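Below is one structure; the comments refer to it alone.
The values are calculated or read from the model by the stated rules, or taken from the named source; none is laboratory data. Predicted model only: the values in this text are computed from it and were never measured. All Cβ positions, even for glycine, are placed from backbone atoms using ideal geometry, and neighbour counts span all protein chains on display. The area values use the complete protein model at the heavy-atom level, side chains included, leaving out ligands, DNA and RNA. Shrake-Rupley method; radii C 1.70, N 1.55, O 1.52, S 1.80 Å.
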Amino acid sequence: MVDLLHTASNTEFGKHFGFRHITNYKEFSEKIPIQDYNSLKPYIERTMAGEQNVLWPTPITWFAKSSGTTDDKSKFIPVSKEALMDCHYKAGKDMYAIYYNLYPNANLVDGKSLVLGGSHQINKLSDNSYFGDLSAVLMQNLPIWAEAKRVPVLSIALMDNWEEKIERMAEATLKHKITNILGVPTWTVILFRRLLDMTGKNNISEIWPTLELYVHGGVSFAPYKELFKELIPNDNMHYMETYNASEGFFAIQDSSMSDDLLLMLDYGIFYEFIPAEDLNKENAKAVTLEDVVLDKNYAVIISTNSGLWRYNLGDTVRFTSRDPFRLKVSGRIKHFINAFGEELIIENAEKALSIACQYTNCIVRDFTAAPIYFSKDGNGAHEWLIEFEKDPEDFQVFINHLDDTLKQLNSDYEAKRFKDIALRRPIVRKLEKGTFYEWMKKRGKLGGQNKVPRLSNSREFVDDILLFIGEK
């Protein structure tokens, strides 16, 4: 903490909050309020326009684009050279070191790493700054030693058109000896399917027999486990989870016996934690690692070497060990669906429903939504169960407006929906009036603070409702 404050003491943010005079954690927590993207947005926008020494002293020219905020379609997270070298790339080296420690006979270096990344473009606010998906930012700045082992070439890896990108990526990687893959499961499955179509092979192991490691993160891997086993029927195939985001790289799975993640403490990030139940309370008190309690849900607060100060990451975690610090990501602070990297939050859903209702002259009484996961034969989708007070004049038009508005509100959802490449058109089921009431009654959840869960990243509620009404 002190090192970060000292480094940034002459920045505009540092001068405003008196970083130079902060000598301990108590002063730090008292002088600097908890921040979120909206509170830091004015500083970030100035940096994107070309100003420097605003949040962090070294020049910042790259911004990781991510969605999921309430007020903006996208957020733009500053990425400093320190964050690249001392956080993200250091984490990459640590990740492979951990893997070799777990599997001494591994042979990753005998082949290539297939990295499924995003895209980037020149930032319109300044000719000297750029933004893109975090993976694209990392690939564009990779050191030579890492770039030499990565496929496909940047001209393919950073393409904007995902449909064409998957096609070109499949063509370009077939000729390589692939030993490890890094990427979000959604796009990885789509690539695998295209490879199987192109080659006529039965599974990915027939195409890349040397493939031994898949590194994943960003969305829950649980729904994909069985599908990956079918696609890669190899007893020597290993899976490794990481916890990273546009804001930084935080934890790595360091055991083959457990899916807990080891919190990495030397990446230029200072951690604080607020008990999840206290987050919305006035003057909620944060604790440092020294005072975390096992099996308690905490909201993650970070201060980073990119100039994010006491920043609410939006995730909740639960510690499973204090020596060393291991954790599991327990969720997001708000209701969400992020089964495919779409980061759909409740604010997106409610606004899209409101607009769809306006266009079709209807009223929604209650709703819930959940993902339909990838299967071997089909892409994913979102399934909505909606109880109307007044039915839409045209149900299909209602669905179209719901889908189109979500695309407008959420850039990640829009990307996954592009030509149905990852997400199909939403499946919307109209429920009889009183269905949610009777379902909540059955669960003993009527009245008081009990509410119909709006969005869920699992199918627990949707499947239970469908079972309840006899449609499952």
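Between residue 266 and residue 15, what FRET efficiency comes out of the Förster formula 1/(1 + (r/R0)^6) with R0 = 30 Å and r the beta carbon distance, rounded to 0.05? Result of the calculation: an efficiency of 0.60. In a simple Cβ point-charge model (Lys, Arg +1; Asp, Glu -1; nothing else charged), the chain has a dipole of about 120 debye relative to its Cα centre. With a simple spin-label model that places each label point 7 Å from the Cα along the Cα-to-Cβ direction, the separation between residue 432 and residue 30 comes to 6.3 nm.
Taken as Cα centroids, region 309-383 and region 173-248 sit 24 Å apart, rounded to the nearest whole angstrom. Pop the C-beta distance of residue 442 and residue 395 into the FRET formula with R0 = 35 Å and round what comes out to the nearest 0.05. Once the sixth-power term is evaluated, E becomes 0.85.
When the alpha-carbon atoms of region 4-92 are used, the pair Rg, Dmax equals 13.9, 38 angstrom. For the chain, with all protein chains in place and a probe radius of 1.4 Å, 48% of the accessible heavy-atom surface sits on carbon or sulfur. Across the protein chains, with a 1.4 Å probe defining accessible surface, the residues 112, 75, 281, 445 rank 281, 445, 112, 75 from largest area downward.
The dipole here belongs to region 78-148: it is taken about the Cα centre, uses +1 on the Cβ of Lys and Arg and -1 on the Cβ of Asp and Glu, and is about 40 debye. The convex hull built on the alpha-carbon positions of region 231-331 has an orientation-averaged projected area of 7.9 nm². Accessible-area rank, largest first, for 329, 79: 329, 79, with all protein chains present and a 1.4 angstrom probe. At full extension, residue 330 and residue 41 could sit 101.4 nm farther apart than now, given 0.36 nm per residue minus the alpha carbon distance.
The residues of the chain expose, per residue, 45 Å² of accessible area to a 1.4 Å probe.
In terms of distances greater than 19 angstrom between alpha carbons, the cross-link table entries 175/201; 351/442; 90/229; 65/407 yield 351/442; 90/229. Among the GluC sites (Glu not before Pro) in region 363-445, those located in a DSSP loop and surrounded by at most 13 other Cβ atoms within 10 Å of their own Cβ are 393, 432. DSSP bridge analysis restricted to region 177-298 gives an antiparallel fraction near 55%, rounded to the nearest 5. Given a 1.4 Å probe and the protein chains as shown, residue 6 ends up with an accessible area of around 140 Å². Taking the Cα centre of region 356-455 as origin and assigning +1 to Lys and Arg Cβ atoms and -1 to Asp and Glu Cβ atoms, the resulting dipole is close to 460 debye. Subtracting the Cα-Cα distance of residue 51 and residue 164 from their residue separation scaled by 0.36 nm leaves 37.1 nm. Positive-end ranking of 423, 405, 384 along the dipole of region 371-430, with charges on Cβ about the Cα centre, is headed by 423.
Note on the chain: dipole from Cβ charges, positive end direction compared against 24, 49, 180; the farthest Cα belongs to 180.
When all protein chains stay in place and ligands, DNA and RNA are ignored, the 1.4 Å accessible-area order of 220, 74, largest first, is 220, 74. With θ taken as phi - 60° and the Karplus curve 6.51 cos²θ - 1.76 cosθ + 1.60 applied, the whole-hertz 3J(HN,Hα) list for region 129-140 is 10, 9, 9, x, 3, 3, 4, 5, 4, 5, 5, 5 Hz, x standing for glycine and proline. If you average the C-alpha positions of region 86-118 and of region 1-61 separately, how far apart do those two centres end up, in angstrom? Spelled out, the Cα-based centre of one part sits 33 Å from the other. Each residue was assigned an accessible area with a 1.4 Å probe, and for residue 29 the value is about 40 Å². Provide the net charge surrounding residue 65, with neighbours chosen by a C-beta distance below 9 Å and charges set as Lys +1, Arg +1, Asp -1, Glu -1. With Lys, Arg at +1 and Asp, Glu at -1, the net is 0.
Which FRET efficiency value, to the nearest 0.05, is calculated for residue 468 and residue 278 with the Förster distance at 45 angstrom and r the Cβ-Cβ distance? After rounding, the FRET efficiency stands at 0.85. Farthest towards the positive end of the charge dipole of the chain, among the residues 74, 62, 245, is the Cα of 74, using unit charges on the Cβ of Lys, Arg, Asp and Glu.
Here the simple spin-label model places points 7 Å from the Cα toward Cβ, and for residue 257 and residue 347 these points are separated by 4.4 nm. The orientation-averaged shadow of the Cα convex hull for the chain, equal to a quarter of the hull surface, comes to 23.6 nm². Under a point spin-label approximation (7 Å from Cα along Cα-to-Cβ), what is the residue 85-residue 144 distance to one decimal in nm? About 1.5 nm separates the two model spin labels.
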